[in-house]
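The values are calculated or read from the model by the stated rules, or taken from the named source; none is laboratory data. Just so it is clear, the model here is predicted, and its values are computed rather than measured. Because the Cβ atoms are built from the backbone with ideal geometry, glycine has one as well, and the counts that use them run over all protein chains shown.
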Amino acid sequence: MKICVIGLGYIGLPLSAAFAREGVSVTGVDVNPEIVCEINRGRVSIEEPELPELIARGVESGRLSASQTPVAADVYIIAVPTPNRLDRYNGCDLSLVISACRSVIPLLQPGNMVIVESTVAPGSMEGEIRPLFEKAGYTAGRDVFLAYCPERILPGKMLCELASQSRMIGGVTEKCTDRAAGVYALITGGAISKTDSKTAELVKCAENTFRDVNIAFANELAKICCGLEINCYDVIRLANLHQRVNILNPGPGVGGHCLAVDPYFIHAKAPETAQIIKLCRDVNNSMPEFVAKKAISLLGGTDNPKIAVLGIAFKGNVDDCRQSPALEVIRLLKEKGCRVEACDPYVRSDMLVPFEQAVTGAELALVLADHDQYKSLDRDALAGMMARPVLFDTRGIVEICENSKLDKLEVINYGNIWKRDTGDSGS
């Protein structure tokens, strides 16, 4: 079997490596020539456990290669981005998926399979993808097999989850579903659930929307507690003692290419009905402004203050900055006249500086990513480098010492920020 994976980002690249590991001949396709060149040298820039070694072995064995254009294959897997449309409802922009499908049509042979892994809105396969192939003269389920098989992997655990996570297969016909299930059986030991494409599309969006809604509740609860002068972490801890309650911890917002994007795909399909989904999106989108306002209030009117931002990735221990709320927080702080220097041990970016440079002379350190490095900071050393030894922890990962008088670093989080007389609940 030969597989052609179109899109070598956070999904397509580990997927290509996983198939190559199982002895499949894989060609990965990306429009970025630097990515193609890097992979063909056996290298990868994505920070992901075991991925660099797996890519290197795949290239060395000859089972994995990269190209800027699709090549003839038995199976084509599309893993390109699906951003929000710039319209009233932020619906699903299918343009890259459509372009990828068009690029493989000239290469198709009878019996080939085309699988979409990119997250799409419900009805996309039947309403837009299938007609594209049938207009070109191919009958789905006979000449070409079309299926939607959404990814279910977590940055930092991608290869592990590719091998163990359950997969959902949604073909546009029953034969399409069965054919696609056979492809994924090559790389996963998890359960394979078969359904139709429209159901699979909604399930994928629902999974990410469920998580976004739960995060929104935690974030809104943090705002409420701040206004009521209650420690939100105490509320969450005590509420979670109930065996049927599991409230998440609040944060600075929601990032990544899934949770911050996909709920809109449902809302755009039923805007009059999907009220909770939209409200939760609004809550999570409001968090960067809430954080920026609280950070400014902690500075106490300092002129031209310097803020050290610790972490710009959207989650801990990864290099993924897509839709990261930290980037919006930084923009807002700069807009308000702050000098911001940011650092991140995982991210490569020209906007970053070394940790020591970021914190030296800072009036405030602002934790925006829950990297392990920030959970065990040398508090005395950090306090000694800062102009004012104050740290605002939006992730709740830095310990607050019981005897704060002996602690050179003042740690503020959502649980105690109300003790500072900010005059603004931030809601």
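The set of residues from the stretch 121-141 being in contact (Cβ under 8 Å) with a residue 24 or more places away in the chain, on the phi < 0 side of the Ramachandran plot and not acidic (Asp, Glu) comprises 121, 122, 124, 125, 129, 130, 132, 133, 136, 138, 140. For the stretch 279-299, the set of residues classified as of a type outside the set (A, V, I, L, M) and more than 19 Å from the chain's Cα centre (by Cα) consists of 289, 290, 293, 294, 297, listed by residue number. Please work out if residue 227 is in contact (Cβ under 8 Å) with a residue 24 or more places away in the chain and closer than 30 Å to residue 9 by Cα. No, not satisfied.
In the stretch 269-279, is there at least one residue being in the same structural domain as residue 336 (by TED's automatic domain parsing), more than 20 Å from residue 207 (Cβ to Cβ), surrounded by 21 or more Cβ atoms within 10 Å (Cβ to Cβ) and modelled with pLDDT of 95 or more? Break it down stepwise before answering.
Step one: list which residues in the stretch 269-279 are in the same structural domain as residue 336 (by TED's automatic domain parsing), which gives 269-279.
Add one more test, that the residue is more than 20 Å from residue 207 (Cβ to Cβ), and what stays is 271-272.
So of that shortlist, the ones also surrounded by 21 or more Cβ atoms within 10 Å (Cβ to Cβ) come out as none.
No, the stretch 269-279 has no match at all.
Is it true that residue 164 is modelled with pLDDT under 95 and over 16 Å from residue 11 (Cβ atoms)? Taking the combined requirement at face value, the residue satisfies it. Taken together, 234, 262 contain a single residue that is touching a Cys at 6+ places or on another chain (Cβ under 7 Å) and either surrounded by 12 or more Cβ atoms within 10 Å (Cβ to Cβ) or of a type outside the set (Gly, Ala, Ser) (or both), which is 262.
The single condition among (1) free of Cβ contacts under 8 Å to residues at least 40 places away in the same chain; (2) under 29 Å from residue 125 (Cα atoms); (3) within 25 Å of the chain's Cα centre (by Cα) that residue 65 does not satisfy is (3). With respect to (1) under 21 Å from residue 156 (Cβ atoms); (2) at pLDDT 95 or above; (3) part of a loop (DSSP other than H, G, I, E, B), the lone exception for residue 415 is condition (1). Say whether the condition of being farther than 16 Å from residue 298 by Cβ, of a type in the set (Gly, Ala, Ser) and under 28 Å from the mean Cα position of the chain (by Cα) is met by at least one residue in the stretch 344-356. Checked against the condition, which is being farther than 16 Å from residue 298 by Cβ, of a type in the set (Gly, Ala, Ser) and under 28 Å from the mean Cα position of the chain (by Cα), the stretch 344-356 yields at least one hit. From the list 50, 38, the lone residue that is surrounded by 15 or more Cβ atoms within 10 Å (Cβ to Cβ) and more than 27 Å from residue 109 (Cα to Cα) is 38.
Specify which of the listed residues (171, 141, 111, 156) is within 22 Å of residue 18 (Cβ to Cβ) and touching a strand residue (DSSP E or B) at 6+ places or on another chain (Cβ under 9 Å). Step by step, each of 171, 141, 111, 156 is checked, and only 171 is within 22 Å of residue 18 (Cβ to Cβ) and touching a strand residue (DSSP E or B) at 6+ places or on another chain (Cβ under 9 Å). The residue that is farthest from residue 127 (Cα to Cα), among those in the stretch 172-186 that are of a type in the set (A, V, I, L, M, F, W, C) and surrounded by 19 or more Cβ atoms within 10 Å (Cβ to Cβ), is 183. In the stretch 244-259, the qualifying residues are those that are closer than 20 Å to residue 320 by Cβ and aliphatic (A, V, I, L, M), and the one that is farthest from the chain's Cα centre (by Cα) is 248.
Only residues that are more than 26 Å from the chain's Cα centre (by Cα) and in a helix (DSSP H, G or I) were counted in the stretch 169-198, giving 7.
When you check residue 220 against the structure, is it acidic (Asp, Glu) and under 30 Å from residue 126 (Cβ atoms), yes or no? No.
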